[in-house]
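Visitor: Dumping the structure here so I can ask a few things about it.
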Amino acid sequence: MSYNSKVETFRIKGMCCSRCVRALKEELSKLSLTKITVRIGEAELVYGKEIIPFEQTQNAVEDAGFEIMTLLQNKKIEEVKEYVRRHLSDSNALRLSVLSRAVAVSPYHLSRTFSLIEKETLQDFIIRTRVEYAAQLLRDTERAFDGSGHIYACTATVGKNGEELGTFYPTVNKANDLIKVWEERDVTTIPECKGCNLQLACGGGCASIAKNRTGNLASPDCRPITQLLEMGISHYFSEQ
Ligand code: SF4
């Protein structure tokens, strides 16, 4: 690509498969372009020295049976996506009638345009965004999830009644007070650990075991740390 090349990316409405990609590429190749990259819903064009007016590109897209998405439509779709992300835990706000009012588009038009442009229904987008949110939680924290849509603090508590910290499906709900207690549990918040000289090696033990034993998350799960350390050290040194 030469230094002066101009690259422009258009979002295209109405494409759904590899045949659409081929048809659009064929029409665009009639223009004097340096490079054409077409994907479903998108065309990236590299212009050479020749100036090609927008109308000419638009005609080529329309001849292939598609439409260039206007900036306004693009903006509206982004607005819908942002609204969904901000209201993941509010099922009422995500009802089509409420959502369409919030973004000032009729329910029919919203649902049709979204599917046409995004190649997935609005409902599928909402479900996918919720599942991605749960996956993100899983990556960023030690959270664990079960098949019925519940969130737990860790794998040791999965499936236990009363240990749920919220749900990720069908709605996202987090019990923030409970989550805070789990997140704050460490050797500085467990009274017995505060003065213990093993705290740096131990870390307070397993929170789930401590809670099962005492009913209190902020209690210690003491392990034979000294013996475990001795065993570990003698094992590593004897191997050298
Ligand atoms: S859990 Fe027990 S051994 Fe571990 S730091 Fe706390 S008091 Fe010490």
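Visitor: Can you pull out the residues in the range 178-202 that are more than 7 Å from the ligand (Cβ to nearest atom), part of a loop (DSSP other than H, G, I, E, B) and modelled with pLDDT of 90 or more?
Guide: Hits for the range 178-202 are ARG185, ASP186, THR188, THR189.
Visitor: Here's another thing I want to ask about it. Please go through the range 215-230 and give me each residue that is within 12 Å of the ligand (Cβ to nearest atom) and either part of a loop (DSSP other than H, G, I, E, B) or touching a Pro at 6+ places or on another chain (Cβ under 9 Å) (or both), ordered by number.
Guide: Listed by number, the residues that qualify are ALA218, SER219, PRO220, ASP221, CYS222, ARG223, PRO224.
Visitor: From the set of residues in the range 9-53 that are in a helix (DSSP H, G or I) and in contact with a helix residue (DSSP H, G or I) (Cβ under 8 Å, 6 or more places away or on another chain), which is surrounded by the most Cβ atoms within 10 Å (Cβ to Cβ)?
Guide: LEU24
Visitor: Here's another thing I want to ask about it. Here is a list: SER18, SER111, SER32. Which entry is of a type outside the set (A, V, I, L, M) and within 30 Å of LEU137 (Cα to Cα)?
Guide: SER111
Visitor: Also, quick follow-up: Tell me, yes or no, whether the range 187-194 has at least one residue that is among the β-branched types (Val, Ile, Thr), surrounded by fewer than 17 Cβ atoms within 10 Å (Cβ to Cβ) and closer than 19 Å to GLU142 by Cβ. Reasoning before the result, please.
Guide: If we filter the range 187-194 for residues that are among the β-branched types (Val, Ile, Thr), which is where we start, we get 187-190.
With the extra rule that they be surrounded by fewer than 17 Cβ atoms within 10 Å (Cβ to Cβ), the set shrinks to 188-189.
Next cut, closer than 19 Å to GLU142 by Cβ only: 188-189.
Yes, the conditions are met somewhere in the range 187-194.
The values are calculated or read from the model by the stated rules, or taken from the named source; none is laboratory data. No experiment lies behind these values; they were computed from the predicted model shown. For neighbour counting, all protein chains shown are included, and Cβ atoms are generated from backbone atoms with ideal geometry for every residue, glycine included.
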